[in-house]
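Shown next, in structure tokens, is the structure this report addresses.
The values are calculated or read from the model by the stated rules, or taken from the named source; none is laboratory data. Small disclaimer: the values here were computed from a predicted structure and weren't measured. Cβ: placed from backbone, ideal geometry, glycine included. Neighbour counts: every protein chain shown. Remember, those area values only see protein heavy atoms, side chains included, never the ligands or the DNA or RNA. Shrake-Rupley method; radii C 1.70, N 1.55, O 1.52, S 1.80 Å.
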Amino acid sequence: MKMGGLHAFIPRSLRGQKAISIPESGGDGIARVPSNATSDIVADAGRSVIRLVELIIERAHAARASDIHLDPRISTLHVRLRIDGVLEDAHTLPTTLHAEIISRIKILSGLRIDEHYCPQDGRFRLVTSTGSSIDVRVSIVPTYYGENAVLRLLSDSVEAFSLAGLGFTVRNRDIITRALARPYGMILATGPTGSGKTTTMYTLVKMLAEPGISIVTLEDPIEYSMDGVSQIQINSKTGLTFGNGLRSVLRQDPNIIMVGEIRDEETAGLAVNTALTGHRVLSTVHTNDAPTTITRLLDMGIEPYLIASTVSLAIGQRLVRRICESCKLVHQLDDGEVMSISGLVPPEFLCSMPTFFHGAGCAACNGSGFFGRSGIHEVMEISGAVRSAIVATMSASEIRSIALAEGMIPMMIDGFRKAARGITTITEILKTRYE
């Protein structure tokens, strides 16, 4: 069937209500809004809702959205898409379709359709009309105007991940590669929610996966499926926590273990002891930057000498939007912009006054000036001097000073260098929180 706008899949009795069309996907894979959505409905209302849900997901995927928000309001159902980290209004549907859309999502996810007052989580896989598959993770919660649904789109793109593709510089890639070559130790990625930590971990696992190596992951939830890797879904209802799971995994004879997140003292202690007994451990921690990862482990009760003996690397990171290559233009800093960054970057950086860029907005980026995202990083190698500072329980700022003296590039400087190379904008770097 030729795909028209959403209008064609809304029952006739509801067509008088306000609704906007979902963007069409052109032959170049770029989402566009159709100029005329006049396709007629060809099935009953039930089948229309089935196709409507499929269209919402397909068109969101074509628009490169990572999440779909279905937000019920007083008289409408708002559909919003998170594209390149920014949540944007996309479609407005009649509120009379709300219950049917939520029920359809629940059926696809294997959730209870008769439960409307408790949060539910699930997932399903959708095969699109082009034959590609999209894994969809679903979260449904009750709100004042009805059930709200958020759909996380997880396409099978893990095989395309690489350190260079994630934005790591040559220097940082070399440091990470050296750490991965060690037979044991911990590599930790840190940053706030949505900073790309899990993607970094998946990339490192992919780099390590080879015949003769046993890799086990503990995840909550499993974001991407990886061939040749034993992936375990955490389930607190059955007692499968990170701590209990890690104990069980150690009896599975693994070489490498990825723990989705170190959340508590128990998991931290087990992870450190696992690395101490000759395993490679990859995990994430919620801290602001690489040096504070060390103090976070200390706060969890881990002895300083154990941290110094096991942690090989701490990676701090954030995500910034990439300038659209189709509409990139040179951007000259005005006096206000120079003043705003003067206290944030080294004086020699300002003296050279590199050329910066911005996106003017075009059809390829839907007028935003951005297309995709890139990481900005700081990679702190646990050298002898840093190890001594950890044993002496120095503060995070003191550890940072030592790491900087040994050549670590802070995230903000990494960001400014990427802006000077035309990867992102000064505004993106300035609005990113580093503390």
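Radius of gyration over Kirkwood radius for the stretch 81-228, both on Cα atoms: the Rg/Rh ratio is 1.04. Shape of the stretch 199-328 from its Cα gyration tensor (a ≥ b ≥ c, root eigenvalues): rounded if a/c is under 1.5, otherwise prolate when a/b > b/c, or oblate? Oblate is the answer for the stretch 199-328, as a/c is 1.5 or above yet b/c matches or exceeds a/b.
Take residue 73, project a point 7 Å from its Cα along the Cβ direction, then tell me which residues of the stretch 91-111 have their backbone nitrogen under 14 Å from it. Inside the label zone: 91-96.
Overall, the accessible surface of the stretch 204-322 at a probe of 1.4 angstrom is composed of carbon and sulfur to the extent of 44 percent. Taking the DSSP beta bridges in the chain as the whole, what percent of them are antiparallel, to the nearest 5? Antiparallel bridges make up about 70 percent of those DSSP assigns within the chain. With a ≥ b ≥ c the root eigenvalues of the C-alpha gyration tensor of the stretch 345-393, is it rounded (a/c under 1.5), prolate (a/b larger than b/c) or oblate? Taking the square roots of the gyration eigenvalues as a ≥ b ≥ c, the stretch 345-393 is oblate. Cysteine residues of the chain whose Cβ has no partner cysteine Cβ closer than 4.7 Å: 118, 351. Test of understanding: in a Gaussian network model of the chain with alpha carbons linked when under 10 Å, which of 197, 328, 418 would top the mean-square fluctuation ranking? Residue with maximal mean-square fluctuation among 197, 328, 418: 328. Per residue, the accessible area of the stretch 277-435 comes to 43 Å², computed with a 1.4 Å probe over protein heavy atoms only.
The mean accessible area for residues of the stretch 211-269, using a 1.4 Å probe and ignoring ligands and nucleic acids, is 50 Å² per residue.
When the Cα positions of 434, 307, 357 are compared along the charge dipole of the stretch 300-435, 357 comes out farthest toward the positive end, with charges on each C-beta of Lys, Arg, Asp and Glu. On the stretch 53-95, 48 percent of the accessible area sits on carbon and sulfur atoms, based on a 1.4 Å probe.
Across the alpha-carbon atoms of the stretch 49-103, the computed radius of gyration and Dmax are 10.9, 31 angstrom.
Projecting the alpha carbon convex hull of the stretch 285-364 along each direction and taking the average yields 8.7 nm². How fast does the chain diffuse by Stokes-Einstein, in µm²/s, taking the Kirkwood radius from C-alpha pairs at 20 °C and 1.002 mPa s? Value of D from the Cα-based Kirkwood radius: 90 µm²/s. Helix-only arithmetic for the chain: the sum of -39500 (n - 2.57) across DSSP H runs with n ≥ 4, divided by the residue total, places the mean residue ellipticity at 222 nm at -9500 deg cm²/dmol. Based on the Cβ-Cβ distance of residue 233 and residue 350, what FRET efficiency does E = 1/(1 + (r/R0)^6) give at R0 = 41 Å, to the nearest 0.05? In this case the efficiency is close to 0.25.
Within the accessible surface of the stretch 353-435, defined with a 1.4 Å probe on protein heavy atoms only, the carbon and sulfur portion equals 55 percent.
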